[in-house]
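Single-structure report; data block below.
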Amino acid sequence: MSYIPHTAAETQDMLAKIGVASFDELFDAVPAGQRFPTLDLPPAMSEMEIAAEMLAISEANDHAGDFAMFRGAGAYHHFIPSVVNHMLLRGEFYTAYTPYQPEISQGTLQATYEYQSMMCALTGMDAANASHYDGATSLAEAVTVALEVSRNRRKKIILSHAIHPQYREVLRTYHQGKDIRIIGDRGRGELVDLMEMLDSNTAMVAVQYPNFFGQVEDLRRLADTVHASGGLLVVVANPLALSLFTPPGEFGADIVVGEGQPLGIPLTFGGPYLGYFAIKQRLVRKIAGRIIGETVDVEGKRAYVMTLRPREQDIKRERATSNICTNQGLMALAAAVYLSLMGKNGLRQVGELNYHKAHYAAAQIDRLDGYSVDMTKPFFNEFVVACPRPIAEINAALLDAGVIGGYDLAQHYYHLPNHMLLCVTECNTRAEIDRLVDILEGLR
Amino acid sequence: MSEPIIYDLSAPGRSGVNLPAPDVPTAPLPNELLRDDLPLPEVGELQVVRHFVRLSQLNYSIDTGLYPLGSCTMKYNPKINEDAARLPGLAQLHPLADPESCQGAMMLMHELQSWLGEISGFEAVSLTPAAGAQGEFAGILMIRQYHIDRGEPERDIILVPDSAHGTNPATVTMAGLRMQQLPANAAGEVDLDALHEACSGENAGQIAGMMMTMPSTLGLFEPNIAQVIERVQSVGGLMYMDGANMNALMAVVKPGKLGFDCMHYNLHKTFSTPHGGGGPGSGAVGVNARLRDYLPGPVVRRDALPGDAAADDEVPSARYDWHMPSKSIGRLKAFAGNFGMHLRAYAYIRAYGGEGLRQVTRCAVLNANYLREKLRGEYALPYDQTADGARRYCGHEFVVRGAFDDAPGVHALDISKRLIDYGFHPPTNYFPLIVPEALLIEPTETESKDDLDKLAEAMRSIAKEARETPQLLQDAPSTAPVRRLDEAKAARQLHLCCPAARPGA
């Protein structure tokens, strides 16, 4: 049988050692009437057949290998150096589990410590944990920290409407059992409108950077105003954009969270991704999830270990504020390898390629009759295009021409019919951009 | 020899990547918004490769040896599944693709939903939870909302046995409910008297439900499971099953048919998706009819298309679409779950079929019982008899007491660390909490008899050493890359970030 090594003779020996005549006797505690049901599943397949079936399923999708990809909205098609995948395929990494036994897990522990360090470098924060499930759940966990910090006295959470719509949904799912108010994101409020909602009951304000529409805003005044009211500023940041733009730690963010997927993790239809979570030193003991610290062994040799364990659910049980245990360890490794390869200059270069290509595409599209792009506000690699037709029609025509078009903003923002969010990355060639522009021109 | 930290390999101007020059005119950058400094390391490609390969060699893993970490199901992770996950139509598929552009992926998710439902006897399954703990959270939120919708918001108590994994109580708190702990009886089972008491009087109207692990965290089948379920449901509570131990149940019993209302699966345990050094996991949830509308979304719905699809392979027979259940507790993460784990679980179930999965469970339980018999007499085996004193088999895992009356200085942790010197990963330590000095051992079905014999031999040697040369255990490990760590120092003098990564470094 596929992955089971037992021979018939061994099985008999083992049953004899236990002192039973058959497998069935081992299950005598299971209620007799419910014992040994048949499972109505497709018949077993050989490895060759599985490979063929998986290939067929793969081919039944329109993917960035075959199509020019201009869709982002929280999941991005970026170049991943070959080394990243080779390191992820080291069985010593991907077939290990949580480093409960640090003496034989130093590889995972040190790599995670390096990941934490590089996330601090990117965000300008003091500490980062070993990851949450994705950017959305990181934001939801930030709310838990903010409530904790106010000792649950402050009950108001202010969200910008320009945070990814699904992140805001997840945040509401997480906190539906709590007596708190989540406001700010129902309208089209600008940053100044969020500031007006602040009061002594506000635990935190969250904004996205660049925001969901791709724009990079100066958040210094917001940070000062939030702090003056005694709340926390939480920034949801695209880590790749931080290759270019001021890190949130520098303008006063208390917590920085986001989606680490742009750092060497493939699209894979939405997951597994990487929720990063970075925080200021004074709040570090409030952080949920695993965190790796440096220490020494009994001989004084430098080593790494999971630390601040008493916060975790396996020790604190019902007094824990989060139940997270399994995180996205392998994805954090991917980000560590990616950032090590890119380094200071490579990451900046990738950021600039994104910036220049997106600005080239935006300028070309803005020139087309019937289309417009707001070129007055700074943006990174995404921008909103006002189009002359429903986005579904445009995207269908693009798909026929081998192009995956932008995200239809009307799905979540009813005031934006015929608006698409386009994403241009280092993977898009000038020829692809020109082709996109040509097709759009024909769709007036 | 320690591997240097990546920043120690850095030299100004070095690079590990080869990027193209811009092929478009450059645009001016907004200087007032730019950062001054980016304190990342600068390392060459080969140096990065060697660094991470050397780090990998400091790890113990399933690919290098037996990993009997109880409640984690460290079974072999098939290589073909890794290849499948890297196919371009799966790895390079955008999560916000229009449904017409991702019918293959949605078909896969739909099939997996229905197979998981079949395996566990549930009506409907959502694949969105990212890990077991998130699956639990989904389950408790569904139970909470169910009672609210029935006009019984006062039902806010979740009963949790004291043998439960720590995620269970933490989940209850996260959902805004209250936990009431239930003690175990002398046989390690739910104490039925305590359960009756908890479900009586004023408490009865406040019971929202109960969370149970099956087999229990002691690795034992609960002989009174039917009475437990009946008792909780008779006062209006719902039953949640923690499915971490599903490897002991496939084609042995369907939890949904036993009467559970809801459970989560750990695809990274039972269905072989790799543990990744701590994740990603995947924690699908299954529910019966009364909770199906509350599932976290989106789920994949299949609509049969008219016409004779069978006659023409080019015409699809169905169309798949996203569906948000009508009373859904909402989204648990962006997009639709850890699809990379779904596809591996799909390939795994495909390799076995229904009878094959039965064999998985049989051999997992065989291996655990065999190893337990090999250790009998060497280690105390708590709870190895039923309440009536009858002989009792374990499920896919079992607990031994990691201490000896005639070797008082030796603890479970010492035995674990000494196992490292013998070339094995230690079992789970100090869990479940109801057994002092517990070692929870789960060999899994993919380990051979030969390797189990070697592990038993090592455990026997260690038991002998514990009495004769206890210092060997207390000083262990001596052969690992590092010796025992100063964990107190790590927590006291927090050092969580390399100084070179700080601004201005």
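Across region A:83-338, Cα pairs under 8 Å and at least six residues apart give a relative contact order of 29 percent. Given +1 at the Cβ of Lys and Arg, -1 at the Cβ of Asp and Glu and no other charges, the dipole of region A:152-290 around its Cα centre is 680 debye to the nearest 20.
Neighbouring Cβ atoms from other chains, within 10 Å of the Cβ of residues in A:294-300, number 6 on average. Calculated mean residue ellipticity at 222 nm for chain B: -10500 deg cm²/dmol, from DSSP H runs with n ≥ 4 weighted as -39500 (n - 2.57), summed, divided by the residue count and rounded to 500. Projecting the Cα atoms of B:Phe431, B:Cys363, B:Leu33 onto the dipole axis of chain B, where Lys and Arg carry +1 and Asp and Glu carry -1 at the beta carbon, places B:Phe431 farthest toward the positive end.
Can you bin region B:31-136 into rounded, prolate or oblate? Criterion: square roots of the alpha carbon gyration tensor eigenvalues sorted a ≥ b ≥ c, rounded for a/c under 1.5, prolate for a/b above b/c, oblate for the rest. Judged from the Cα gyration tensor, region B:31-136 comes out oblate (a/c at least 1.5, b/c at or above a/b).
Please state the shape class of region A:83-338: rounded when a/c is under 1.5, otherwise prolate if a/b exceeds b/c and oblate if not, all from the C-alpha gyration tensor. It comes out prolate by the Cα gyration axes.
Packing-based ranking of A:414-421, B:430-437 yields B:430-437, A:414-421, ordered from highest to lowest mean Cβ neighbour count within 10 Å. When the dipole is taken about the Cα centre of chain B, and only Lys, Arg (+1) and Asp, Glu (-1) are charged at their Cβ, what size is it in debye, to the nearest 20? Here chain B has a charge dipole of around 340 debye. Across region A:271-280, computed HN-Hα scalar couplings (Karplus, 6.51 cos²θ - 1.76 cosθ + 1.60, θ = phi - 60°) run x, x, 10, 9, x, 8, 8, 10, 8, 6 Hz from first to last residue, x flagging Gly and Pro. In order along region A:26-33, phi translates into HN-Hα couplings of 5, 10, 5, 7, 7, x, 4, x Hz, rounded to whole numbers, per the Karplus curve 6.51 cos²θ - 1.76 cosθ + 1.60 with θ = phi - 60° and x for Gly and Pro. Total lysine pairs in chain A at Cα distances under 23 Å, for residues eight or more apart or on different chains: 12.
Please say if the protein assembly as shown is rounded, prolate or oblate, where rounded means a/c under 1.5 for a ≥ b ≥ c the square roots of the C-alpha gyration tensor eigenvalues, and otherwise the choice is prolate for a/b larger than b/c and oblate otherwise? Verdict is prolate for the protein assembly as shown. Membrane-span-like helices of chain A, defined as complete DSSP H segments with a Cα extent of 30 Å or more along the helix axis and a mean Kyte hydropathy of at least 0.0, are identified as A:329-366. Looking at chain B, what % of the alpha carbon pairs are farther apart than 44 Å? The answer is 24 percent, as a whole percent. The charge dipole of the protein assembly as shown, taken about its Cα centre with unit charges on the Cβ of Lys, Arg, Asp and Glu (plus for the first two, minus for the last two), comes to roughly 2080 debye. Centroid-to-centroid, using Cα positions, region B:412-471 and region B:93-160 are 37 Å apart.
Peptide A:260-268 has a mean shielding of 4, counted as Cβ atoms of other protein chains within 10 Å of each residue's Cβ. Estimated purely from DSSP H runs of n ≥ 4, each contributing -39500 (n - 2.57), the mean residue ellipticity at 222 nm for chain A is -11000 deg cm²/dmol once divided by its residues. Centre-to-centre, using Cα atoms only, region A:155-228 and region A:1-55 are separated by 53 Å. The residue among A:Ala223, A:Tyr276, A:Gly258 whose Cα reaches farthest toward the positive pole of the charge dipole of region A:83-338, with charges on the beta-carbon of Lys, Arg, Asp and Glu, is A:Ala223.
Shown in residue order for region B:34-49 are the 3J(HN,Hα) couplings computed by the Karplus curve 6.51 cos²θ - 1.76 cosθ + 1.60 at θ = phi - 60°: 8, 7, 7, 9, 10, x, 9, x, 10, 9, x, 4, 4, 5, 5, 4 Hz (x for Gly and Pro). Packing-based ranking of A:357-366, A:129-138, A:98-107 yields A:129-138, A:98-107, A:357-366, ordered from highest to lowest mean Cβ neighbour count within 10 Å. Measuring between their Cα centroids, region A:313-357 and region A:119-139 lie 7 Å from each other. Return the percentage of antiparallel bridges among DSSP beta bridges fully within chain B, rounded to the nearest 5 %. That works out to approximately 55 percent antiparallel.
Bridge orientation summary for region A:83-338: considering DSSP beta bridges with both residues in this region, about 45 percent are antiparallel.
Within the protein assembly as shown, DSSP assigns beta bridges of which about 60% are antiparallel (rounded to the nearest 5). Counts of other chain beta carbons within 10 angstrom of each beta carbon in peptide A:78-85 average 3. Per-residue packing, averaged as other Cβ atoms within 10 Å, sorts the ranges A:246-254, A:59-67 into the order A:246-254, A:59-67, beginning with the highest. Comparing A:Ser46, A:Ala64, A:Phe27 along the charge dipole axis of region A:1-113, the residue lying farthest to the positive side is A:Ala64, per the Cβ-charge model.
With the simple spin-label model, which puts each label point 7 Å out from Cα in the Cβ direction, the A:Asp179 to A:Ala51 separation comes to 6.2 nm.
No lab work stands behind these numbers, since they all come straight from the coordinates. From a predicted model like this one, the values you see are computed outputs, not experimental measurements. Neighbour counts run over all protein chains shown; Cβ positions are idealised from the backbone, glycine included.
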